[in-house]
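Each reported figure results from applying straightforward, stated rules to the coordinates on display, with no laboratory input. Everything numeric in this text was worked out from a predicted model, so none of it was measured. For neighbour counting, all protein chains shown are included, and Cβ atoms are generated from backbone atoms with ideal geometry for every residue, glycine included.
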Amino acid sequence: MNIENIPVGKLQANPWNPNRMADDMRHKLKEYIKKEGFVEPIVVRPKDDIFEILGGYHRWSIASELGYDTVPCVVVDLDDKRAKILTINLNEMKGQSLPNLLSELVFDLSKEITLADLETQLPYTMDEMKDSLELLKLPDGLEAFLAEETAKQEINKPRILTFVVDDPEPIEKAIAVSMASTEAKSSRGKALMDICRQFTTNIGT
């Protein structure tokens, strides 16, 4: 992969780019480029006597505003079909930050940089960063504890059994046996066995 510094005026946006950037996010990107410069090249393809942008349109337009003479570019030679596919992939094929790992990163940065300064350099609002830091206050093992409690509730939730019978007498007898039990409480399994026992008694097996 060769990176070339190409004059800003020799680059041109493609007509099909579906990517749009909110004004506040574009402002953050502009401030970042002012401070750090270009850390990622623009992807272009040669077309006639210019270069068509396939990835990095917003960075190129900001570079134009900031007075850049040239920008670093990766030049690829693609037909229209492959160029369109690449444009979509460059915009969409990205991972997502895991909340717990992101909160640790923000916390580490906040030791040296104020949240107000981070807000100008990261693609998050102040409230989003504060919410992220709140995750670090959760006690260790909470996730496992909640999963265990959920499993317990699933086990202990009431079970509803529906019986369709011609003769309700076995059910009534089973209820009477359970009510007369001297045990502190009768388990669901025992109650079900009592019902089955009444049915098997009635049919003589």
ask   = Going 7 Å from the Cα of residue 22 in the Cα-to-Cβ direction, what parts of segment 95-130 have a backbone nitrogen less than 20 Å from that spot?
value = 95-99, 102-103, 106, 115-130
message = Let's test the formula: R0 of 45 Å, r as the Cβ-Cβ distance of residue 81 and residue 137. What FRET efficiency results, to the nearest 0.05?
response = 0.35
inquiry  = Can you tell me the mean projection area, over all orientations, of the convex hull of segment 3-92's alpha carbons? Units nm², please.
reply    = 5.7 nm²
task = Could you run the Karplus curve 6.51 cos²θ - 1.76 cosθ + 1.60 with θ = phi - 60° over segment 77-94 and give me ³J(HN,Hα) per residue in whole Hz, x for Gly and Pro?
result = 10, 10, 7, 4, 4, 5, 5, 5, 4, 5, 4, 5, 5, 5, 7, 10, 7, 9
